[in-house]
Amino acid sequence: MEQEADKLVRTYIKKIGVESPGQDFLQSVMSKIEVKSDLAPVLIKNEVLISLKGWFLIGMVVLSLSGMVFFIDKDSQIPVLIQFDTQILQNYFSIFMSRIFVVGMVIMALFVLLHTWMISRKLDAWYLRHKHHM
Amino acid sequence: MAISEDQYIIEQILSGNISAFENLVRKYQDMVFTLAFRVLNHHEDAEETAQDVFVKVYKSLSGFQHKSNFKTWIYRITYHESINRLRSKKNKFFLVDLEEGLTAGFNDTNQNLESAEEKMIIRKVLQTLPETERVMITLYYFEDMSIRDIAAITEMSETNVKTKLFRSRQKLYDLLKDQHSFFTSFTHTT
């Protein structure tokens, strides 16, 4: 009985088939989409937080900082002058950084770079996912 | 893993080929329109809803993550858009255009009269069901979709879908079996 009902209903539902929209349905949909060009779901491949130029600059800074480690003596100190141009302190203060300090700074810079890369990847992915809901 | 035709088209659209969207519209326009029409029973409303569905699909295409299949996704959007439109229309004292629902598809001059009459009777019988059940019956018997997919589309439990399908099938059967004997005798005599 149940199988008979199933068979009969299936036959008749298949028989009525699908309804069709008007002739100009496709054109209407496409024109709605083309008019609202801001709706485009296109993934903008080059729209990233840090451009190639930016990465090159960051790379150069890291390389030059790393290079400094090899060009200084083991026991030397790096003089850095900081000028305090105020009325109270009108002298030059010299700050000396030890080699180990410079190495530490370079390592920290590398960490910052790594984190920047990771964060930018996450933000890029989030942006592409939510672009059309913004 | 081989990518499906839908997935390939979606990738084309997302890489900037907007005209590839035409392929998706062509492929799904009849079924999207049919589902909207099953809910709304009104040609213009169903067509507007179907257009809104495609615009919505286009807008959210980049967010589609292939977790479900594209067909299930687009039918779910269609079902909810249609139900929402029906609710807003009901709030405005919308009267279902029953006659239009019954005569849809009749402008096909190649259809012979008996087939057209038969279709009209089946449509009339189908319209005795609530809108959600009309959609379920269409998806189950015409699209051969699984209970699981129908549950995903209508956002109901599988048990609920099974119950509704069983109930509506019984109702349709009771109404159609008399028509069936009429149709078969009509076919034999002609």
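The values are calculated or read from the model by the stated rules, or taken from the named source; none is laboratory data. These numbers were taken from a predicted model, which means no experiment stands behind them. Positions of Cβ are generated from backbone atoms using ideal geometry, with glycine treated the same way; all protein chains shown enter the neighbour counts. With ligands, DNA and RNA removed, areas are computed over all heavy atoms of the protein, side chains included. Shrake-Rupley method; radii C 1.70, N 1.55, O 1.52, S 1.80 Å.
The rows are residues; the columns are (1) open to solvent by less than 60 Å² (accessible area, probe 1.4 Å); (2) within 11 Å of another protein chain (Cβ to nearest Cβ); (3) in a helix (DSSP H, G or I); (4) at pLDDT 95 or above.
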position	(1), (2), (3), (4)
B:F94	yes, no, no, no
B:N107	no, yes, no, no
B:S115	yes, yes, yes, no
B:I122	yes, yes, yes, no
B:D144	no, yes, no, no
B:L172	yes, yes, yes, no
B:K177	no, yes, yes, no
B:F182	no, no, yes, no
B:S185	yes, no, yes, no
Those residues of region B:124-142 which are open to solvent by 40 Å² or more (accessible area, probe 1.4 Å) and not in a helix (DSSP H, G or I) amount to B:T128, B:P130
Could you please give the count of residues in region B:44-68 that are of a type outside the set (D, E, K, R), under 19 Å from the mean Cα position of the chain (by Cα) and more than 8 Å from chain A (Cβ to nearest Cβ)? 4
Test: B:E133 is within 19 Å of the chain's Cα centre (by Cα), under 21 Å from B:V53 (Cα atoms) and at pLDDT 50 or above: yes
Selection count where residues are more than 20 Å from B:F142 (Cα to Cα) and facing chain A (nearest Cβ under 7 Å), scope region B:19-43: 2
For residues that are under 16 Å from the mean Cα position of the chain (by Cα) and either in a helix (DSSP H, G or I) or within 11 Å of another protein chain (Cβ to nearest Cβ) (or both), scanning just region B:146-160, find the one that is nearest to A:A5 (Cα to Cα). B:I147
Inside region B:153-167, can you point out the residues that are of a type in the set (A, V, I, L, M, F, W, C) and open to solvent by less than 40 Å² (accessible area, probe 1.4 Å)? B:I153, B:V161, B:L165
For region B:149-164, check the following and say yes or no: at least one residue is over 18 Å from B:M31 (Cα atoms), of a type in the set (S, T, Y) and modelled with pLDDT under 85. no
